[in-house]
Structures are given as C-alpha cells and as structure tokens.
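The values are calculated or read from the model by the stated rules, or taken from the named source; none is laboratory data. Owing to the predicted nature of the structure, the values given are computational and were not obtained by experimental measurement. Methodologically, a virtual Cβ is constructed for each residue, glycine included, from the backbone with ideal geometry; neighbour enumeration extends over all protein chains shown.
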Amino acid sequence: MYRILEKQHLNPTVGKMVIEAPLIAKKAKAGQFIILRVDEKGERIPLTIADYDRARGTITIIYQIVGATTMALDRLEAGDALCDFLGPLGNPTKMEGLKRVAVVGGGVGCAIALPVAKGMSEKGIHVDSVVGFRNRELVILEEEFRQASKEFRLMTDDGSHGEKGLVTDALRALLEQNTYDEVIAIGPMVMMKFICKLTKEYGVKTIVSMNPIMIDGTGMCGGCRLTVGGETKFACVDGPEFDGHLVDFDQAMERGRTYHAFEEQQCNLFRKEVEQ
C-alpha cells in the first residue's frame with residue numbers, strides 16, 4: 001500500500017497528492033509517469049510524475065477529476081493509501097545539448113510541463129514558458145512556472161488573468177523574437193496539434209507528450225498506440241514524448257473520443273453509486 005502524505009486542491013477540478021513511494025522516487029525523472037489503482041476493484045490509470053523528492057522518498061501526482069477513477073481518487077485523504085502505484089514508466093525527457101527551449105502547457109497539462117521546465121532550468125538551460133487556461137479559476141502552478149522560467153507568459157481565454165488569448169499567440173511572439181533549439185508542448189491534443197502547425201512554419205523541432213488511454217504500461221495491451229511518422233508506436237514504452245511534427249493528431253483525437261464516451265458512461269454509474 002502506498003500512503004498519501006499530503007493532499008491539496010489546486011482548483012475546483014484539479015487535485016495534488018504527495019505519495020510515499022521511495023523506490024519510485026529513487027529512479028524517477030522528468031517526463032516519466034506512474035500507473036495507479038485506487039483499490040483492488042479499480043481500473044489502472046496513468047498519471048505523470050509532477051515532482052519527486054529522493055531524500056523524502058515521495059512522488060507528487062496532479063490529477064483532474066474527470067472520470068470514475070479520478071473521482072474515487074479524490075475521495076481519499078492524507079493518511080489513506082493507494083492499492084497500486086507502479087513506476088517510473090516511460091522515457092524521461094531528453095535534455096542533452098539543449099541551450100534554449102520554450103515550454104508550453106495547457107490546462108492540467110501544465111502539471112506535466114512543470115517538471116520538464118524545472119528540470120531543464122536546473123541543468124542551466126534557458127527556459128521560456130507559456131501556460132494557458134480557460135479562466136482565472138482554473139489557473140494552477142503559476143508561481144512554480146515563474147521560478148523555473150526566464151520569461152513567463154500566462155494566457156486565459158477570457159482575459160480574467162494574465163493576457164487574453166491562446167498559447168499559440170504568445171508562442172508566436174516568442175518565436176518572432178528568439179531562436180529556440182526546441183519547443184515542448186504538453187496539453188490537450190488539439191492545442192498540441194496547432195502548436196506543431198505553428199512551429200513547423202518556423203522550422204523549430206517540437207516535442208509533445210502524449211497521454212492516450214493506457215492499461216498495462218508495458219506495450220502489451222496496445223491501447224495507447226499512435227501513428228508517428230507513418231509507424232505504429234506505443235506511448236507507454238516508446239514515449240510518452242514524440243516529435244510532434246510526425247504525430248497523426250487527427251487519428252489520436254478520434255480514438256480518444258471513442259474512449260471518452262465509455263469513460264463518461266462509467267462516471268455516471270459511479271455518481272449514482274455515491275449518491276446511494
């Protein structure tokens with residue numbers, strides 16, 4: 001069992017937990033993820049490692065309450081324990097040879113983008129960050145991004161916090177002013193798709209972190225398969241990071257919609273069970 005040491009709500013739909021997992025913390029790196037089960041009857045879900053503390057032996061996860069499993073996860077409190085907590089999985093973010101990068105996060109994807117920005121900054125890489133949210137109420141990790149970035153731009157769709165506009169607006173301005181070795185985009189698939197379309201205009205290599213449905217995390221189930229450069233890849237073992245200019249986003253989004261319909265059905269069943 002993996003004990004929950006801390007729990008915090010970052011906004012009405014996003015929670016943060018610090019989990020006691022010393023063996024995972026010993027090997028964890030930015031860009032990797034874990035798979036957890038809330039209880040013995042629960043499904044397995046992947047969550048990116050938002051932070052780790054090797055000395056304390058802890059892993060920090062950030063989750064959005066969108067389905068039955070994340071609803072069940074959010075019902076737990078500090079002192080409770082998770083049934084399963086497996087990791088670190090996936091390949092860590094490649095940072096060698098980079099001097100200046102732009103990190104772009106959208107919504108809860110910022111929880112994945114932050115350890116990347118933080119890890120690169122700690123290695124002496126110049127990091128400029130852009131984060132985007134629908135409105136002020138949904139903003140998370142603002143101060144953490146400021147600390148990890150040389151230049152920081154916060155965008156909201158309605159202008160209620162930071163600047164009004166999309167992350168692509170801020171990124172275009174940065175691309176006009178600076179030369180980057182790489183852009184790293186993490187967030188909703190449609191956001192990553194349009195960021196890649198933008199960076200292709202400027203000829204800047206772009207890395208995206210893909211988080212499709214996963215079950216086993218070892219490439220056996222095939223649920224997380226993607227088409228990258230015309231080849232089938234598995235996000236859990238080949239990724240989760242890929243060259244965004246090679247990813248077939250339309251196919252990935254279509255598969256995601258199929259799974260989302262099933263998840264919505266399961267979520268409604270879970271709500272009825274809780275209400276009873």
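The sole residue among 108, 101 that is part of a strand (DSSP E or B) and in contact (Cβ under 8 Å) with a residue 24 or more places away in the chain is 101.
Only residues that are among the aromatic types (Phe, Trp, Tyr), touching a Gly at 6+ places or on another chain (Cβ under 6 Å) and over 19 Å from residue 216 (Cβ atoms) were counted across region 33-89, and they come to 1. Taking the criterion of being touching a strand residue (DSSP E or B) at 6+ places or on another chain (Cβ under 7 Å) and part of a strand (DSSP E or B), the residues of region 228-240 that qualify are 228, 232, 233, 234. Tell me, yes or no, whether region 27-37 has at least one residue that is over 24 Å from residue 234 (Cα atoms) and either surrounded by fewer than 16 Cβ atoms within 10 Å (Cβ to Cβ) or of a type in the set (A, V, I, L, M) (or both). No, there is no match, as no residue in region 27-37 is over 24 Å from residue 234 (Cα atoms) and either surrounded by fewer than 16 Cβ atoms within 10 Å (Cβ to Cβ) or of a type in the set (A, V, I, L, M) (or both).
Restricting attention to region 11-21, does a residue exist that is β-branched (Val, Ile, Thr), surrounded by fewer than 19 Cβ atoms within 10 Å (Cβ to Cβ) and within 17 Å of residue 76 (Cα to Cα)?
yes
For (1) among the charged types (D, E, K, R); (2) modelled with pLDDT under 95; (3) surrounded by fewer than 18 Cβ atoms within 10 Å (Cβ to Cβ), each residue gets a yes or a no:
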site: 45; (1), (2), (3): no, yes, no
site: 59; (1), (2), (3): no, no, no
site: 67; (1), (2), (3): no, yes, no
site: 76; (1), (2), (3): no, no, yes
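Sub-9 Å Cβ pairs linking a first residue in region 120-142 that is over 11 Å from residue 101 (Cβ atoms) to a second residue that is of a type in the set (Phe, Trp, Tyr) and modelled with pLDDT of 95 or more, at least 6 apart or interchain, are 130/152; 131/145; 131/152; 139/133; 140/133; 142/152, ordered by first then second residue.
Of the residues making up region 142-158, those that are closer than 20 Å to residue 168 by Cβ and either within 19 Å of the chain's Cα centre (by Cα) or among the hydrophobic types (A, V, I, L, M, F, W, C) (or both) are 142, 145, 149, 152, 153, 154, 155, 156. Which one of these is out of contact with any Pro (no Cβ under 9 Å at 6 or more places or on another chain) and without any contact (Cβ under 8 Å) to a residue 24 or more places away in the chain: 76, 47, 82, 86? 47 is the lone residue from the list that is out of contact with any Pro (no Cβ under 9 Å at 6 or more places or on another chain) and without any contact (Cβ under 8 Å) to a residue 24 or more places away in the chain.
Yes/no per residue for (1) within 23 Å of residue 34 (Cβ to Cβ); (2) surrounded by 23 or more Cβ atoms within 10 Å (Cβ to Cβ):
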| residue | (1), (2) |
| --- | --- |
| 111 | yes, yes |
| 130 | no, yes |
| 136 | no, no |
| 156 | no, no |
| 170 | no, yes |
| 190 | no, no |
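A search for C-beta distances below 6 Å between a residue of region 1-23 that is farther than 13 Å from residue 85 by Cα and any residue that is among the small types (Gly, Ala, Ser), counting only pairs 6+ apart in sequence or on different chains, returns 6/78; 7/78; 9/15.
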